[in-house]
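Notes for the one structure printed next.
The values are calculated or read from the model by the stated rules, or taken from the named source; none is laboratory data. All of these numbers come straight from a predicted model, not from anything done at the bench. Cβ sites come from the backbone with ideal geometry, for glycine too, and all protein chains shown count toward neighbours. Surface accessibility is based on the protein's heavy atoms, side chains included, excluding ligands, DNA and RNA. Shrake-Rupley method; radii C 1.70, N 1.55, O 1.52, S 1.80 Å.
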Amino acid sequence: MQIKDLINEFDFHDSNVIELIHEKNNIKMKIDLCMWKQKGYKESDNELKEIFLEFNSVENYIWDGEKKETDIDYDTILEMSYNNGVIKFILFDDAISVLSFKCSMVKIF
C-alpha cells in the first residue's frame, strides 16, 4: 500500500506505538490502533486493534527524542504526516519524540 493511501484510510491520532524495530533499511511497528476513530466504526466493534506496519526501502532515517527508539512502549501518536516522500511520526510518552524517514510503500498485517 502506498503511504499516502495509508494516511487517507486510517486515523492514527491517539493510537499507541507498542514496538519499533529499525534494521538496515526496514522499519517494523506494532501499533494499538484506536478503532473508535476509524471510518465505519460501530459501538459494538472493538475499540482497539493491534496492527503491524512494515516499511521497506527506507532512506534518511532520523530519530529525534530523549529516549532511544528501542525504549518505545505505548508511546502515543500525536501526529502522522507524509510530505515529499517523507513520513513523520510525532510521539509522546514523558517527552516528545520525532521519527522521520523517506519511504513510499507500507505493508499492513
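Against the condition under 19 Å from residue 97 (Cα atoms) and outside any loop (DSSP other than H, G, I, E, B), how does residue 67 come out, does it pass? Steps first, please.
Details: under 19 Å from residue 97 (Cα atoms): yes; outside any loop (DSSP other than H, G, I, E, B): no.
Spelling it out, it is not the case that residue 67 is under 19 Å from residue 97 (Cα atoms) and outside any loop (DSSP other than H, G, I, E, B).
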Name every residue in segment 85-107 that is open to solvent by 60 Å² or more (accessible area, probe 1.4 Å), over 15 Å from residue 61 (Cβ atoms) and at pLDDT 95 or above, in order of residue number.
92, 96, 105, 107
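Yes or no: residue 73 touching a residue at least 40 places away in the same chain (Cβ under 8 Å) and of a type in the set (Asp, Glu)? Explain how you work it out, then say what you get.
Working: touching a residue at least 40 places away in the same chain (Cβ under 8 Å): yes; of a type in the set (Asp, Glu): yes.
Considered against the rule, which asks whether it is touching a residue at least 40 places away in the same chain (Cβ under 8 Å) and of a type in the set (Asp, Glu), residue 73 comes out as yes.
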Residue count for segment 15-59, restricted to those that are surrounded by 13 or more Cβ atoms within 10 Å (Cβ to Cβ) and not in a strand (DSSP E or B)
9
